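Inspection log for the structure reproduced underneath, given as structure tokens.
The values are calculated or read from the model by the stated rules, or taken from the named source; none is laboratory data. What you see is a predicted model; the values in this text were computed from it and never measured. Every residue, glycine as well, gets a Cβ built from its backbone with ideal geometry; the counts of neighbours run over all protein chains shown. Surface accessibility is based on the protein's heavy atoms, side chains included, excluding ligands, DNA and RNA. Shrake-Rupley method; radii C 1.70, N 1.55, O 1.52, S 1.80 Å.
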Amino acid sequence: MENENAIQLRLRFYKDVPETVAEVRALFEDYKSKCPAEYTIKVNDTHIWFHIVGPQRAYYSPHLHLELESHPESGTHIRGLFGPDPTLWTLFMFLHFIVAGVFVIFGVMAYSNWTLKQPILWNIFIMGMMVGVWFMLYVVARQIREQGIDQMHDLEALMEEALQHESR
């Protein structure tokens, strides 16, 4: 995973394997019962999720979502996406919507006051604060992602181990 310094918050990767989608899915199904106790694997059709459970799990613990796509020339194309805990992701989205709502409301109020020749300094100040809060949310999200980098590598290694695993 070479894109640790990328600006995106949710890291993605792609991998091609020579097996068919059904064979790759069977590898993950078989590996579910043999994976270490601190991880869980969920398989649903062409989607596979890796989660960290137990004492290793923290608020910054990522999960790995794999999507299997069939390609005639290369076998199976795997799209991997690391993401934060769904509860944490929901909290961040809620905060972003609140900040955006406050920004828009004060923008409308600033425009109304401007057309009425009223002072708009307070409205512009609040809008500037909301931009600052957006940057703060981004910085916090980057810090949370950096705390989970080691666990991302662990999940990626677990995926590689499952792909190398022979069901025989």
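Values for this structure:
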{"read-out": "Members of segment 118-138 that are open to solvent by 80 Å² or more (accessible area, probe 1.4 Å) and not in a helix (DSSP H, G or I)", "value": "GLN118, PRO119"}
{"read-out": "Checklist (1) in contact with a helix residue (DSSP H, G or I) (Cβ under 8 Å, 6 or more places away or on another chain); (2) open to solvent by 20 Å² or more (accessible area, probe 1.4 Å); (3) hydroxyl-bearing (Ser, Thr, Tyr) applied to SER112, failing item", "value": "(1)"}
{"read-out": "Any hit, segment 105-117, residues being under 29 Å from the mean Cα position of the chain (by Cα), without any contact (Cβ under 8 Å) to a residue 40 or more places away in the chain and assigned to a helix (DSSP H, G or I)", "value": "no"}
{"read-out": "Inter-residue pairs, beta-carbon under 6 Å, first over 19 Å from ALA157 (Cα atoms) and open to solvent by 50 Å² or more (accessible area, probe 1.4 Å) and in segment 6-28, second polar (S, T, N, Q) and modelled with pLDDT of 90 or more, 6+ apart", "value": "none"}
{"read-out": "From GLY107, GLY54, GLY101, GLY75, residue being more than 21 Å from LEU11 (Cβ to Cβ) and touching a strand residue (DSSP E or B) at 6+ places or on another chain (Cβ under 7 Å)", "value": "GLY75"}
